[in-house]
Amino acid sequence: MVLARHRFWAGVLAVMVGAMGLPAVGQGTQTAPAQQGVPDAPTPQTLPKLNTITPVQVAPPGATPSASGSQDNASDNGGVTPGAALPTAPAPTPQDEEQGPPPASHASDIVIPVNFVQIPFTVKDSKNHLVAGLTWRDTRVYENGVRQQLRLFTTDPFPLSVALVIDQSVTFDTMQKINDSLSALQGAFSPYDEVSVFTYNNGVTKQTDFTAAQSPRLGVILERSKGEGREPLMDFGGPMSQTTIKNNQQVDPNTTPVRGQLGITTTTPREYHTLNDAILAAARETVVAPRARRRIVYVISDGKEYGSKATEKQVIKYLQTNKIEVYATLVGDSSIPGLGFLDRVHLPLTMRDDELPRITTATGGQCDPEFRPRGIEDSFSKITAEVRSQYTVGYYTKASLFDERFRRIEVRIMRPGLTVIAPDGYYPTASDSHPTKAADVTPSATP
């Protein structure tokens with residue numbers, strides 16, 4: 001019994017010693033066999049250094065591959081070839097290059113920086129004909145006297161957002177010519193354009209919001225916008241205008257030119273031509289149009305101005321701030337070659353007749369004088385054709401976004417004998433202080 005118990009505990013002890021990795025009792029330590037060495041891996045073969053390979057450089061935004069001749073011409077534009085589409089990324093700066101590439105974003109989040117400026121302009125020859133076929137190599141743009149690096153050059157037409165202004169304060173014969181010509185106005189626009197209508201006499205009346213240019217509704221609005229005009233105000237005072245006078249007084253007030261007036265001199269009422277107020281109201285309407293459309297104010301008037309609350313300076317500043325162009329068909333006496341020139345010379349204490357040409361010139365538009373009804377109809381199609389044939393250039397301005405002063409623009413064409421019609425400049429706006437999506441400013445053929 002005792003022998004069996006000893007054998008049991010001896011077996012338990014042997015198991016515990018084996019689990020701990022210790023040699024069993026009565027056994028000597030054995031030397032571990034020597035570890036066999038592992039052969040080294042084969043040495044990789046290396047290629048010789050090739051110093052003839054030039055690393056590929058990243059092209060700047062807006063640059064496109066071109067032939068050797070185009071590269072030589074691009075060097076005159078800072079080494080950049082302008083594209084036909086608006087850039088979708090800001091111009092690289094030294095700080096951006098040090099920080100590395102920006103993080104990837106979704107395509108719908110691509111924005112255009114607010115310091116990108118677009119300038120539309122028209123080019124004509126000595127015979128007042130439109131000049132086509134110009135390229136960006138013929139164009140130079142200066143802002144405040146500093147040449148800018150072109151990043152955009154396109155001749156693609158933009159859809160139009162036109163605010164039409166009709167003068168109803170003209171004389172009755174001139175108003176009749178305008179009425180007969182309005183039926184041809186709708187055919188001057190394309191189906192992608194939109195038109196709003198304003199009329200003015202001694203105040204401004206909004207006839208309709210923006211509506212499709214080819215819609216029947218616009219035809220009804222144009223028919224409703226026809227006016228009667230005014231009678232020429234002529235002062236027939238003096239004794240010859242009276243019937244029964246004694247001692248320079250009327251004997252019978254019923255026979256006077258003005259009923260109830262006893263004096264022999266009549267008082268002519270003042271004329272009101274609120275041209276500035278009408279242009280400002282139309283310009284505020286076009287501001288709602290997206291940047292992918294061309295903002296136009298089209299005026300049909302004799303150019304007379306009296307009684308407006310807005311001044312000429314305020315109107316021009318608002319137009320240049322919101323990139324709105326003003327085109328005009330000048331009618332009435334102001335359209336006659338000789339008399340129209342004299343009317344544009346303003347005399348003190350008289351009604352202004354010279355504001356409309358200055359407004360069109362400051363905004364990059366044109367003023368077309370037409371006296372005959374057929375000439376007024378042709379003026380509609382001629383002006384719309386000039387707007388669609390405009391060149392558009394774009395660049396990144398170097399001026400600070402916080403500088404709200406006026407920035408003067410000059411567009412030059414490197415060909416002799418050509419005339420450039422472009423805006424005088426622009427005012428940077430506070431509304432441009434946020435990024436704009438590329439889809440909102442890219443030209444499109446659809447409204």
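The values are calculated or read from the model by the stated rules, or taken from the named source; none is laboratory data. Since the structure is predicted, the reported quantities are computational estimates derived from the model, not experimental observations. Cβ placement follows ideal geometry from the backbone for every residue including glycine, while neighbour counts extend to all protein chains displayed. To get the accessible areas, we keep the full protein, side chains included, count just its heavy atoms, and leave off ligands, DNA and RNA. Shrake-Rupley method; radii C 1.70, N 1.55, O 1.52, S 1.80 Å.
Please pick out the residue among VAL411, VAL393, VAL420 that is in contact with a Leu (Cβ under 9 Å, 6 or more places away or on another chain) and part of a strand (DSSP E or B).
The conditions single out VAL393.
Could you tell me how many of the residues in the stretch 398-438 are modelled with pLDDT under 80 and surrounded by fewer than 15 Cβ atoms within 10 Å (Cβ to Cβ)?
The qualifying residues number 10.
Among the residues of the stretch 124-138, what is the count of those that are under 30 Å from ASN276 (Cβ atoms) and surrounded by 15 or more Cβ atoms within 10 Å (Cβ to Cβ)?
1
Within the stretch 268-307, take every residue that is under 22 Å from the mean Cα position of the chain (by Cα) and surrounded by fewer than 17 Cβ atoms within 10 Å (Cβ to Cβ) and give me the one that is modelled with the lowest pLDDT.
Among them, the one singled out is PRO290.
In this structure, is VAL141 within 30 Å of TYR395 (Cβ to Cβ), open to solvent by less than 10 Å² (accessible area, probe 1.4 Å) and among the hydrophobic types (A, V, I, L, M, F, W, C)?
yes
If I ask for residues that are surrounded by fewer than 23 Cβ atoms within 10 Å (Cβ to Cβ) and assigned to a strand (DSSP E or B), which ones from the stretch 154-173 would you list?
THR154, THR171
It is to be established whether one or more residues within the stretch 364-379 are of a type in the set (A, V, I, L, M, F, W, C) and over 19 Å from ALA184 (Cβ atoms).
yes
Which residues, taken from the stretch 174-186, are touching a Pro at 6+ places or on another chain (Cβ under 6 Å) and open to solvent by 40 Å² or more (accessible area, probe 1.4 Å)?
LYS177, ASP180, listed by residue number.
Identify, by number, the condition in (1) open to solvent by 10 Å² or more (accessible area, probe 1.4 Å); (2) free of Cβ contacts under 8 Å to residues at least 60 places away in the same chain; (3) hydrophobic (A, V, I, L, M, F, W, C) that PHE189 doesn't meet.
Here PHE189 clears every test but (2).
What are the pairs with Cβ atoms under 7 angstrom where one residue, in the stretch 160-171, is more than 17 Å from VAL288 (Cβ to Cβ) and the other, located anywhere, is open to solvent by 10 Å² or more (accessible area, probe 1.4 Å) and part of a strand (DSSP E or B)? Sequence gap at least six, or different chains.
Every condition considered, the pairs that remain are SER169/ARG230; THR171/ARG230.
Checking ARG358 against (1) open to solvent by less than 20 Å² (accessible area, probe 1.4 Å); (2) at pLDDT 80 or above; (3) in a helix (DSSP H, G or I), only one condition comes out false. Which one?
The failed condition is (1).
Going through the stretch 209-228 one residue at a time, which ones are surrounded by 14 or more Cβ atoms within 10 Å (Cβ to Cβ) and more than 23 Å from the chain's Cα centre (by Cα)?
GLN214, SER215, LEU218, GLY219, ILE221, LEU222, SER225, LYS226, GLY227, listed by residue number.
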